[in-house]
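J.: Here's a structure for you.
The values are calculated or read from the model by the stated rules, or taken from the named source; none is laboratory data. Since the model is a prediction, treat every value here as computed from it, not as a measurement. In this analysis, Cβ positions are derived from the backbone assuming ideal geometry, glycine residues included, and neighbour counts consider all displayed protein chains. When the accessible area is computed, the model is the full protein with side chains, heavy atoms only, and any ligands, DNA or RNA have been set aside. Shrake-Rupley method; radii C 1.70, N 1.55, O 1.52, S 1.80 Å.
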Amino acid sequence: MKIACNGMDFADALAKVIKALPIKKTQPILEGVKLSAFGDTLTLYATDFDFAIIKQIKAEVRMEGEVLVPGKLINDLARKLASEDTIELSDITDDNLTIQYADSSTFLKTMAIGEYPPIKEYEYDTVVSMMQKDLREMINKTIFSAATDGARPILKGCLLEIKDSEIKCVALDGFRLAICKKELAQSYEPTEAIVPAKSLLEIAKLLDNDEEIVKIHLSASKMMVDLNHTKVIASLLSGAFINYKNTIPSEKETIVTINKQQLEDAIERASILSRYDKSNLIKLEIKEGKMTIVSSSELGESKEIISIFTKGKDVNIGFNAKYMADCLKVITDEFIILTINSATAPGLIMPVEGEQFLYLILPIRIVR
């Protein structure tokens, strides 16, 4: 292999694909990044078997071929070469990749490319098109509610539900639930997939906040997100997701309309004390057009009062401050609705109009 390419393009591509390198060093061969040069394209590829990123950049290919190099090492070097207009890569010398830039050069020991897993072609049953900004927002508004540990591995994934002209992302961890919906430009047959939350997190980082189209390819075991010159392939989780719909209360004894930013700011201030309590408890006292947020620990007590508009009964209820703050920070609406049935029933946070998102948080029992 012998090629020339732009230093910034090469550094940017490496920074993306190394996100697929395994965190735990179980198989040394997977610590490599595969470079393939054919036609007028350099393809960079990294995988941990369950997750893969493929990135293509333009290159002047003087000799076609493939090479496997230590991923983190070449990424560190490429970052220092990002300002170079042109860098040249060649592996004409056995077991070495030579990188030339200006009047300087570096060579790296290559890895056994024959032992590296090949890029597989999968057949996908469903292909969904949507704007990058919508997919990014949908992931960011739900992913924090996925489980990070525990005995139910299925909860470490997010459920993607596609039906007609709507796509929905659902995440829950047994204490809270997050749902975000987006409209699609066309109608699709009902399809479901459970995607590992860690895979969705890396996908969201690659997405731009614009109206460019991204294509989501789904099969029974794989999902591929196609960003034109970047492709991400993730293994899906097998098994049945929780029947989350049965956990959402249909009754609304108390309905509170509140300024989102005021509530978020008040909870952030109250949580300064509540985080010293093992349950991170904040108490919401809703009465006569006021919400009083109380937090306390052995270090002191805080009381925040906010004006609200209420319908229904007065109520006192306790929540984990972090769970409330997590969902509030991703909501951009000026006003939101909080619904509560009783001190022991889940609370719901929803938009004033529409059904774009829904957050459910289990209460913490208040000891009198």
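J.: On full extension of the chain, what length is gained from LYS80 through ILE213, given 0.36 nm per residue of separation minus the C-alpha to C-alpha distance?
T.: The LYS80-ILE213 span can extend by a further 44.7 nm.
J.: Let me ask you something else. Per DSSP H run of at least 4 residues, take -39500 (n - 2.57); add these up for the chain, divide by its residues and hand me the 222 nm value, nearest 500 deg cm²/dmol.
T.: -5000 deg cm²/dmol
J.: What ratio of Cα Rg to 2.2 N^0.38 Å holds for segment 90-247?
T.: 1.29
J.: Also: Less than 19 Å apart at the alpha-carbon level, and either on another chain or at least 8 residues along: which aspartates and glutamates does that give for LYS19?
T.: LYS19 reaches ASP9, GLU31, ASP48, ASP50, ASP76, GLU202, ASP208, ASP226.
J.: Still on this structure, please answer the following. Hey, quick one: spin label on ASP265, modelled 7 Å out along Cα-Cβ, who in segment 283-303 has an amide N within reach, i.e. under 19 Å?
T.: 290-295, 302-303
J.: In addition: Which log10 I(q)/I(0) values does the chain give at q = 0.10 Å⁻¹ under the Debye formula, counting every alpha carbon as one identical point scatterer?
T.: One equal scatterer on each Cα of the chain leads to -0.74.
J.: Viscosity 0.890 mPa s, temperature 25 °C: give me the Stokes-Einstein translational D for segment 1-106 in µm²/s, with Rh taken as the Kirkwood radius over C-alpha pairs.
T.: 179 µm²/s
J.: May I ask you to rank GLU334, GLU304, GLU64, GLU288 by accessible area, largest first, using a 1.4 Å probe over the protein chains only?
T.: My answer, sorted largest first, is GLU288, GLU334, GLU64, GLU304.
J.: Rank LEU218, ALA178, LEU155 by how far each Cα sits towards the positive end of the charge dipole of segment 130-254 (+1 on Lys, Arg Cβ; -1 on Asp, Glu Cβ) and give me just the farthest.
T.: LEU155
J.: Moving on. How long are the three semi-axes of the equivalent ellipsoid of segment 299-368, in whole Å, if each is the root of 5 times an eigenvalue of the C-alpha gyration tensor, listed from largest down?
T.: That gives 21, 15, 13 Å for the three semi-axes.
J.: Over the Cα atoms of segment 128-204, compute the convex hull volume and normalise it per residue, giving Å³.
T.: Cα convex hull per residue, to the nearest whole number: 76 Å³.
J.: OK, next. Provide, as a two-decimal number, the C-alpha radius of gyration of segment 42-183 over 2.2 N^0.38 Å, N being how many residues it has.
T.: Computed over Cα atoms of segment 42-183, the ratio equals 1.46.
J.: Which one, ILE29, ALA11, TYR244, is farthest towards the positive end of the dipole of the chain when Lys and Arg carry +1 and Asp and Glu -1 on their Cβ?
T.: Comparing the listed Cα positions along the dipole, TYR244 ranks first.
J.: Which entries of LYS163/LYS215; LYS141/LYS168; LYS24/LYS168; LYS278/LYS313; LYS25/LYS198 show an alpha-carbon separation above 20 angstrom in the structure shown?
T.: LYS24/LYS168; LYS278/LYS313
J.: Could you work out, for segment 7-55, what percent of all Cα-Cα pairs fall into each 10 Å distance bin, beginning at 0 Å and stopping at the bin that holds the largest distance?
T.: Spelled out bin by bin, segment 7-55 gives 27, 52, 19, 2 percent.
J.: About the Cα centre of segment 232-335, how large is the charge dipole given +1 on each Lys and Arg Cβ and -1 on each Asp and Glu Cβ? Please answer in debye to the nearest 20.
T.: So the magnitude is around 200 debye.
J.: Do the alpha carbons of any pairs in LYS34/LYS55; LYS287/LYS311; LYS245/LYS290; LYS133/LYS322; LYS245/LYS329; LYS34/LYS156 sit beyond 19 Å of each other, and which pairs?
T.: LYS245/LYS290; LYS133/LYS322; LYS245/LYS329; LYS34/LYS156
J.: Taking the chain as a Gaussian network, where each spring joins two C-alpha atoms under 10 Å apart, which residue of SER295, SER83, SER235 fluctuates the most?
T.: Sorting by GNM fluctuation, first place goes to SER83.
J.: Can you compute the FRET efficiency between LYS2 and LYS25 using 1/(1 + (r/R0)^6), with r the Cβ-Cβ distance and R0 = 45 Å? Round to the nearest 0.05.
T.: 0.90
J.: Before I look further, what does segment 299-358 give for accessible area per residue, probe 1.4 Å, in whole square angstrom?
T.: 49 Å²
J.: Give me Rg/Rg_expected for segment 191-300, where Rg uses Cα atoms only and Rg_expected = 2.2 N^0.38 Å with N residues.
T.: Computed over Cα atoms of segment 191-300, the ratio equals 1.61.
J.: Based on a Kirkwood Rh over C-alpha pairs, give the Stokes-Einstein translational diffusion coefficient of segment 223-357 at 4 °C and viscosity 1.567 mPa s in µm²/s.
T.: It diffuses with D of about 77 µm²/s by this estimate.
J.: Here's something else I'd like to know. Find how many whole Å separate the alpha carbon centroid of segment 305-354 from the alpha carbon centroid of segment 1-71.
T.: Computed from Cα coordinates, the inter-centre distance equals 47 Å.
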